[in-house]
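Let me begin by presenting the structure, written as structure tokens, before commenting on it.
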Amino acid sequence: MKLINGSVFLPDGKFSNADVVCSEKILDVTERAGCDIRTDIQQENGADTDCETVLDVSGKYVIPGLVDIHSHGAVNADASDGDTEGLRKMSRYYAQKGVTSWCPTTMTLSEEQLLTAMHAIRDFTSDGANCVGVHLEGPFVSYEKRGAQNAASLQKPNIEELKKLNDACNGQVRMITVAPEEDENNAFIREASQICTVSLGHSVADYEQAKAGFEAGATHVKHMFKGMNGLHHRKPGISGAAFEAGATVELICDGFHIDPSVIRMTAALFGDKLNLISDSMRCAGMPEGEYSLGGQPVWMKAGKATLADGTLAGSSIHLMDAVRNVVRFGVPLEQAIRAATLTPSESIGMAQEIGCIRKGARADLLILDKELNLEKVIIGGQIWQ
């Protein structure tokens, strides 16, 4: 396949007039001087361009497929269900919405439930968006900041438990969330960071505790501002420590969790470290009503998902919604796209494979019009229906 005449989002975080040649992977990216429009499909730079499919994407954006590293569920299915058919439904839904890579994200559950979920993810064959690894959001989090996590299944950080879960999914754990104040001497963070990305979150950690967690090997922050103490000028907490550590930071940009002014501030402060997520749950893609998250009932009305006491649960959006939202809130388009593509792939150690348009990367591409409406999804060099 060859895409010609598009405005292509490149790894330097800028759009360029370029042509893209791909099969399952990207074979060549050729930038064009000025706005010169190509009509030929000759061989360039040694790349084989004998393509059966040529798409003229003049006037369109070509961006990497979106990468959602924090999604619990959608279309009445959940990554914690331990159901391969549910994972397949979610994978297809994400693909329809422009997400081409995702991390099934589990909640704080019993060991038996988590092992069942790990086995299903191990046995699941992606059908749509590619499963690129597991995100364990618990059970090693704080009671005080547990949010929608089930208190009955909380544990102290335990490296043997992480290893058991990782073995159960054939080594697919990409990220683990931990409250650093629960980790004595940061021993868990040190060992876990050799296995996967360690994220701080659902935590009452102060600045010093968070700083020590980053120094021990944590590199990421779970849905910043939610499930932690707020940023205070004398108590900077996790947010302040994350800025100094150069950590990547997640934001849920559904319009309910974070005020637009705080989104703009965070984008300005963290730059390329900003990581958009959906934090979606089984109500995503579904009508209003009662659903569940981590075994607890959740009500979704007018797009807002809450527990019985009014606590915000996950979200009902998909990642392309988040991109459009932050652009509408005033975040530059280029930063918004990077935050949903290259930054999340960097945060899980896959920056050479997904979330970017570079030679050798997986040919996962989106074609958007200038209003950011999704026109085509390409996964592994094939147009997704």
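Residue-wise HN-Hα couplings along the stretch 199-211, as the Karplus relation 6.51 cos²θ - 1.76 cosθ + 1.60 with θ = phi - 60° gives them from phi, are 10, 8, x, 6, 8, 9, 4, 8, 4, 5, 5, 5, 4 Hz; Gly and Pro carry x. When Cys283, Cys253 are arranged by Cβ crowding within 10 Å, least crowded first, meaning fewest neighbours, the order is Cys283, Cys253.
Relative to the dominant Cα principal axis of the chain, helix 159-168 is inclined by about 40°. Each of Ile252, Ile238 has some number of other Cβ atoms within 10 Å of its Cβ, and from fewest to most they run Ile252, Ile238.
Remark: for residue pairs Lys25/Lys97; Lys89/Lys359; Lys97/Lys304; Lys156/Lys222; Lys2/Lys89, the C-alpha separation exceeds 26 Å in Lys89/Lys359; Lys2/Lys89.
In this simple spin-label approximation, Ala187 and Lys156 carry label points 7 Å from Cα along the Cα→Cβ vector, and these lie 0.9 nm apart. Scanning residues 5 or more positions from Ser199 or on other chains, those with amide H under 5 Å from its amide H are Ile176, Thr177, Val178, with H placed 1.01 Å from N in the peptide plane. As an exercise, use a Förster radius of 25 Å and the Cβ-Cβ distance of Phe256 and Asp369 to find the FRET efficiency, rounded to the nearest 0.05. After rounding, the FRET efficiency stands at 0.40.
Report summary: the helix-based calculation at 222 nm, which adds -39500 (n - 2.57) for every DSSP H run with n ≥ 4 and divides by the residues of the chain, gives -7000 deg cm²/dmol.
Note on the stretch 66-347: with charges restricted to the Cβ of Lys and Arg (+1) and Asp and Glu (-1), its dipole about the Cα centre is near 740 debye.
First measure r as the distance between the Cβ atoms of Lys25 and Lys301, then evaluate 1/(1 + (r/R0)^6) with R0 = 56 Å and state the FRET efficiency to the nearest 0.05. FRET efficiency, Lys25 to Lys301: 0.80. Converting phi to 3J(HN,Hα) with the Karplus coefficients 6.51, -1.76 and 1.60 and the offset θ = phi - 60°, the stretch 265-271 yields 4, 5, 4, 5, 6, 9, x Hz in sequence order, with x at every glycine or proline.
When restricted to Cα atoms, the chain yields an Rg and a Dmax of 20.5, 63 Å, respectively. Between Arg264 and Gln382, the modelled label-to-label distance comes to 4.5 nm, taking each label 7 Å out from Cα in the direction of the beta carbon.
Between the alpha-carbon centers of the stretch 3-33 and the stretch 70-86, tell me the distance in whole angstrom. A separation of 34 Å, based on Cα centres. The charge dipole of the stretch 192-281, taken about its Cα centre with unit charges on the Cβ of Lys, Arg, Asp and Glu (plus for the first two, minus for the last two), comes to roughly 120 debye. The alpha carbon convex hull volume per residue for the stretch 63-177 rounds to 97 Å³.
Rounded to the nearest 20 debye, the dipole size of the stretch 153-204 about its Cα centre is 200 debye, using +1 on the Cβ of Lys and Arg and -1 on the Cβ of Asp and Glu. The simple spin-label model puts a point 7 Å past each Cα toward its Cβ; for Glu288 and Thr125 those points are separated by 4.2 nm.
Read the figures in this text as sums done on the coordinates, not as results from a lab. For clarity, every value in this text was computed on a predicted model and none was experimentally measured. No Cβ is skipped: glycine too gets one built from the backbone with ideal geometry, and neighbour counts run over all protein chains shown.
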